[in-house]
């Protein structure tokens, strides 16, 4: 049991407000943003903190999301702490600069209010926007509720700025289900958060003169960040990004554990959260707010003697391969729930990842895919019960009739 060592206040906040408060408390130097539903409340609320003099932050209103991330990247390259937020088409417009940001090893933190991508135009929740960016070199954290959104933003600055990592982090919260829904959120005091996040540590690198200088743009110690990089060095720099991702899991776990000691809140081990998986014969895997509904169904099934369980992926990048394999290896039938689709790819992105993790498993559990909730469609308990019912049949018959399903769609 984690011991809470500091006093906390309970505030009624929606997910966007919880993110804005966490950013306010994290001593951020530059926030650059462009509004887009359902993220707008985040930067709108933060702009009020700036206008009221509650933070000493440079707030930059840009003409597009592409420019917003560019401003954060360039500010971060000077050594300051930066933040932005986006969603859907805004994140898609940032696509090029997402790669530039990670390639420059700029520890920008960004909140994503996950929203469907057009067309048709839709402002509601699915994960198509951030799943598209899974290979962009950003760490991806997906939260279940507004409390976790608040906690994860605070942790994200520590993770991104760790010298062993130096990669940008996106914290993803489900549009409207979290972004606009009021919840009780336990918040730390400003001084406690600032003490936890600390000052950004700038590592030393070798300059063109052979001197050890801070890794930031500084006229007194000139270096080049993000130059033309052809086949003589590009491959090595991409390999360094992979090494940084390999370092990230232990850093994420360590930061998560330190924060748990402070706040009393844990989210599994920081990478995955398991629920009733110890002796589970059937289990679902999901990302985001749907986990809360699925836990209720698991409780109902357990009360009836069904050995059901749940695994929630908290980080999708880096993919917690070893943790997922250990958690699911003894389960007989697994349903991976995707709130996005890989068109023509025989299933959704989370399904592809989980299935490839378990390919070398000694037990070879059956793995099936349920694509659900696109464009914000609800995922009620009745549909989740149906998924577990299907898993029960697969476990009993040891046979899969269909690998990919669409839950709750009118066929």
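Readers should treat all values here as calculations from the given coordinates under stated rules, not as data from a laboratory. In this text, all values refer to a predicted model and were calculated from it rather than measured experimentally. With ideal geometry, Cβ positions are generated from the backbone for all residues, glycine too; neighbour counts draw on all protein chains shown.
General remarks:
- The sum of -39500 (n - 2.57) across all DSSP H runs of n ≥ 4, divided by the residue count of the chain, sets its helix-only mean residue ellipticity at 222 nm to -12000 deg cm²/dmol.
- The long axis of helix 65-77 is offset from the longest Cα principal axis of the chain by roughly 60 degrees.
- Across the alpha-carbon set of region 188-276, the Rg to Rh ratio works out to 1.11, Rh being the Kirkwood radius.
- Rh (Kirkwood; distinct C-alpha pairs) - region 61-183, Å: 14.4
- C-alpha center-to-center spacing [region 102-117, region 135-186] in angstrom: 10
- Binned Cα-Cα distance frequencies in region 257-402 - 10 Å width, integer %: 11, 43, 36, 9, 1
- Proxy reagent accessibility, fewest Cβ within 10 Å first, across 170, 245: 245, 170
- Fraction of the pair-distance distribution of region 309-382 above 17 Å, Cα-Cα pairs, percent: 46
- Ranking of 232, 151 by count of other Cβ atoms within 10 Å, fewest first: 232, 151
- Taking region 272-407 and dividing mean pair separation by its residue count, relative contact order in percent (alpha carbons under 8 Å, at least six apart): 28
- Principal-axis tilt of helix 234-263 within the chain, Cα atoms, nearest 10 degrees: 80
- Residues of region 187-203 with amide N under 16 Å of a point placed 7 Å along Cα→Cβ from residue 11: 187-195
- The relative contact order of the chain, computed from alpha carbon pairs under 8 Å that lie at least 6 residues apart in sequence, is 16 percent.
- Between 0 and 90°, nearest 10: helix 381-397 axis offset from the chain longest Cα axis: 60
- For region 29-99 versus region 197-240, the gap between their alpha-carbon centres in whole angstrom: 24
- For 59, 343, 351, order by how many other beta-carbon atoms lie within 10 Å, fewest first: 343, 59, 351
- Using a cutoff of 8 angstrom between alpha carbon atoms and counting only pairs six or more residues apart, the relative contact order for region 90-193 works out to 34 percent.
- Whole-percent P(r), the chain, all Cα pairs, 10 Å bins from 0: 5, 23, 32, 25, 12, 3, 0, 0.
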